[in-house]
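A short worksheet on the structure shown next.
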Amino acid sequence: MKPLAKSEAATSRFSRGRPPPRERRVRVTQSTTTPDKNGKKFMAFTIDVRFGSSEWHENDVLGCVYAGSGELFVKIGDEFRPAAFLLGKDVEPVAGVCVAAPPPSQS
């Protein structure tokens, strides 16, 4: 959150883009880790924002963090990209991350 706030602070107040939020909060939306199709465990999170004294806008950013490695991914459209995307980095989508593996078939 700190690198994101720092990068937004450098934005001109005359920019046509959305102004930076006054406050952010992170909510972890799962109580346990979930394995992806490669067996790596992750947890989903959201970032909520508030502009001025208005109400919270929930789910402004959706993403996941991988247990152990700490890798962060954010959802952009229908794809997940490394969180560096939010800092203006040109990073490609990563297939298969933040998607729960199908349950094992019982036969």
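The values are calculated or read from the model by the stated rules, or taken from the named source; none is laboratory data. In this text the structure is predicted, and so the values were computed from the model without any measurement. Here Cβ is always computed from backbone atoms with ideal geometry, including for glycine, and neighbour counts include all displayed protein chains.
Key figures
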read-out	value
In segment 53-97, residue nearest to residue 30 (Cα to Cα) [restricted to those that are over 10 Å from the mean Cα position of the chain (by Cα) and touching a residue at least 40 places away in the same chain (Cβ under 8 Å)]	97
Enumeration of residues in segment 60-69 that are hydroxyl-bearing (Ser, Thr, Tyr) and in a strand (DSSP E or B)	66
Within segment 51-71, considering residues that are modelled with pLDDT under 90 and over 24 Å from residue 91 (Cα atoms), the one surrounded by the most Cβ atoms within 10 Å (Cβ to Cβ)	51
Subset tally (residues that are modelled with pLDDT under 90 and either surrounded by 15 or more Cβ atoms within 10 Å (Cβ to Cβ) or touching a His at 6+ places or on another chain (Cβ under 6 Å) (or both)) for segment 72-104	1
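So that you can scan it fast, the table gives a plain yes or no per residue for (1) assigned to a loop (DSSP other than H, G, I, E, B); (2) touching a Phe, Trp or Tyr at 6+ places or on another chain (Cβ under 9 Å); (3) not basic (Lys, Arg):
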position: 25; (1), (2), (3): no, yes, no
position: 43; (1), (2), (3): no, yes, yes
position: 46; (1), (2), (3): no, no, yes
position: 58; (1), (2), (3): no, no, yes
